[in-house]
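Some notes on the structure that comes next.
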Amino acid sequence: MVSSLASGQGKTLVTAALALRLRWQGKSVRILKIGADFLDPLILERASGSPVYQIDLFLLGETQCRDLLARLAEQVDVLLIEGAMGLFDGTPSAADLALLFDLPVLAVIDASAMAQSFGAVALGLASYRPGLRLRGALANRVGHPRHAELLRSSLPQGVAWCGSLPPDARLALPERHLGLQLATEIAGLEQRLSLAASFLDQEALQLPAARAFAAAELAPVPALLPGTRIAVAQDDAFCFLYPANCDLLRAMGAELRFFSPLAGQRLPECDALWLPGGYPELHLPALAANRELLADLGAHHRAGRPVLAECGGMLYLCRSLTALDGEVAELAALLPAAARMQSGLSALGLQTVRLPEGELRGHTFHHSLLQTDLAPIARALDPGGRLGEPVYRMGRLLASYLHLYFPSNPVAVAQIFHP
C-alpha cells in the first residue's frame, strides 16, 4: 500500500511511477485505489496498463475486498494499492484496510520544508496504530543529495529508506476543483510518468516478501438484466464511472452502449439510460448545442424508460446550469431544477441511501448547488448518521448528487435499470 500523512504528498505520482518502473522490469502490475475516486485511477491506469478498481471497506465490505485481493494476487506479480487522504483519515481508513489484510505500507512524505523532522513523521505513522507494518518511507520534493542524506539518517529503526523524488516541475500533475485533471487532458502524461519512474531509487523497488490471500466466497451475480440495453454517456463531460459498476451490469446480462454527448452523438437505441457524473460545467456550449440528444432524452423519459442521473448527469437534466463566470446553459429540462456552480466545495463524503429498491452505498463530491421545489423520495446518511444528499424521482427517472457503487446492492441496481 502506498499511503501518506495527508493529501497532496505525491501518492498518485509515486504509485504510478512504481507501476511503470516495475513493468519496465518485466513484471505484471495491477493497481487498486482506496476511497471513492474517479480521477486518480485514470492516471494509474495509464501507468499500469489495466483498469483500476476500488478497494474500500465502506463501498465493498470486507468480503468483496478479500475476494478482489485474492483474485488479482493470483493474476499478477505485483499488486499496488494507493491510499486515500492520510493513512489514518476517514472511517474506515487506509490503515484499517492495511491492518485487516496485513498489508505492508510505503509512506510518501513531502519533505520539501523539513529535514530531520522527516524521521519524526515516519515514526508517528509507524507507531500510531499497533500492528501496522510501515515498511518504509519515500521522500518527495527533495532538493539535493545533502537534503536526502539528512532525511535518510533521521529514519527510526525498522522504517526503511525508499529513496526520493526531486522537486521537478516536469513531474507535476495539474489539478482543478474536483482533484487531478483528467488523464486525457494532461499534456505529456506518459512522459511525466516515465520521468518520475526514472528518478526512483533502487530502494523503492525492493519489494516485500510475496504473500497469498485466502479466497472469499461470494454469491454468484444474478442474471437480472438479460438483454437489457443500457445507454451510458461517456466522454470528458461524463467520465466518473467505476469499472466495477460496468462489470456488474454486464454480469447481470445487460448490454452497455456508450455514447458521447460532447461529440454530438444522439441517444443510441436502448431500454435504459445512465448519465454518470463528470464535468458538464466545463463543456456547456457543446452540451447545450446538441439539441437532438436533448430531445432524445426527453422522449426516452416520456416513454417511461429508466434513467439514472448521478451528479453531473443530474445537472445535465436540469433546466439550466450556471457556470462560475455567469454563463448560463439551457439543458434537458427533465428536472424542474436549476443548478449553479460554486467556488467552494458543496459536499464531500461517503454516504448510504435507502431507496424503495433497497439500500445502496456511494459518495458525494461536488461544487454546485441545486435549486428545486421537487420533494426528495429519500435522503442519504453519512457513516455518522448525519443527513446527506437528497434523491429525486420523477417516473422512472432517478437523480441525485450521489455516485452509487452498484456492487453494494446488485438487486437494487437491477430494479433501477429494469425496463
Applying the selection to segment 231-290, what residues are of a type in the set (S, T, N, Q) and either under 22 Å from Ile416 (Cβ atoms) or in contact (Cβ under 8 Å) with a residue 60 or more places away in the chain (or both)? Gln234, Asn245
Working only within segment 257-292, note down all residues that are aliphatic (A, V, I, L, M) and crowded, with 16+ Cβ neighbours inside 10 Å. Leu262, Leu267, Ala272, Leu273, Leu275, Leu282, Leu284, Ala286, Leu287, Ala288
Exactly one condition in (1) surrounded by 17 or more Cβ atoms within 10 Å (Cβ to Cβ); (2) closer than 18 Å to Ala204 by Cα; (3) modelled with pLDDT under 95 is not met by Leu180; state its number. (2)
Restricting to segment 318-337, what's the tally of residues that are within 13 Å of Leu284 (Cβ to Cβ) and hydrophobic (A, V, I, L, M, F, W, C)? 8
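For segment 149-177, how many residues are at pLDDT below 85 and in a strand (DSSP E or B)? Before you say what the answer is, go through the steps one by one.
Within segment 149-177, the first condition is being at pLDDT below 85, and the residues that meet it are 168-177.
Those left that are additionally in a strand (DSSP E or B): 175-176.
Matching residues across segment 149-177 total 2.
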Residues being closer than 23 Å to Asn245 by Cα, touching a residue at least 60 places away in the same chain (Cβ under 8 Å) and not in a loop (DSSP other than H, G, I, E, B) - total across segment 17-40: 2
Which listed residue, of Ser368, Ser343, is under 18 Å from Ala237 (Cα atoms) and either in the same structural domain as Trp274 (by TED's automatic domain parsing) or in contact with a His (Cβ under 9 Å, 6 or more places away or on another chain) (or both): Ser368
Suppose we filter Gly49, Gly35, Gly90, Gly8 for residues that are more than 26 Å from Ala209 (Cβ to Cβ), in contact with a strand residue (DSSP E or B) (Cβ under 9 Å, 6 or more places away or on another chain) and surrounded by fewer than 20 Cβ atoms within 10 Å (Cβ to Cβ); which single one remains? Gly8
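Table: residues versus (1) farther than 24 Å from Asp89 by Cβ; (2) surrounded by fewer than 19 Cβ atoms within 10 Å (Cβ to Cβ); (3) touching a strand residue (DSSP E or B) at 6+ places or on another chain (Cβ under 6 Å); (4) outside the structural domain of Ala16 (by TED's automatic domain parsing).
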{"residue": "Leu103", "(1), (2), (3), (4)": "no, no, no, no"}
{"residue": "Ala120", "(1), (2), (3), (4)": "no, yes, no, no"}
{"residue": "Gly124", "(1), (2), (3), (4)": "no, yes, no, no"}
{"residue": "Arg129", "(1), (2), (3), (4)": "no, yes, no, no"}
{"residue": "Leu138", "(1), (2), (3), (4)": "no, no, yes, no"}
{"residue": "Arg141", "(1), (2), (3), (4)": "no, yes, yes, no"}
{"residue": "Glu149", "(1), (2), (3), (4)": "yes, yes, no, no"}
{"residue": "Gly158", "(1), (2), (3), (4)": "no, yes, no, no"}
{"residue": "Pro167", "(1), (2), (3), (4)": "yes, yes, no, no"}
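I need a count of the residues in segment 350-408 that are assigned to a strand (DSSP E or B), hydrophobic (A, V, I, L, M, F, W, C) and in contact with a Phe, Trp or Tyr (Cβ under 6 Å, 6 or more places away or on another chain).
Residues that pass the stated criteria total 2.
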For segment 385-413, name all the residues that are farther than 25 Å from Asp247 by Cα, in contact (Cβ under 8 Å) with a residue 12 or more places away in the chain and out of contact with any helix residue (DSSP H, G or I) (no Cβ under 9 Å at 6 or more places or on another chain). Gly388, Glu389, Pro390, Arg393
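The values are calculated or read from the model by the stated rules, or taken from the named source; none is laboratory data. This is a predicted model, so every value here is computed, not measured. Reconstructed Cβ throughout: ideal geometry from the backbone, glycine too, with neighbour counts over all protein chains shown.
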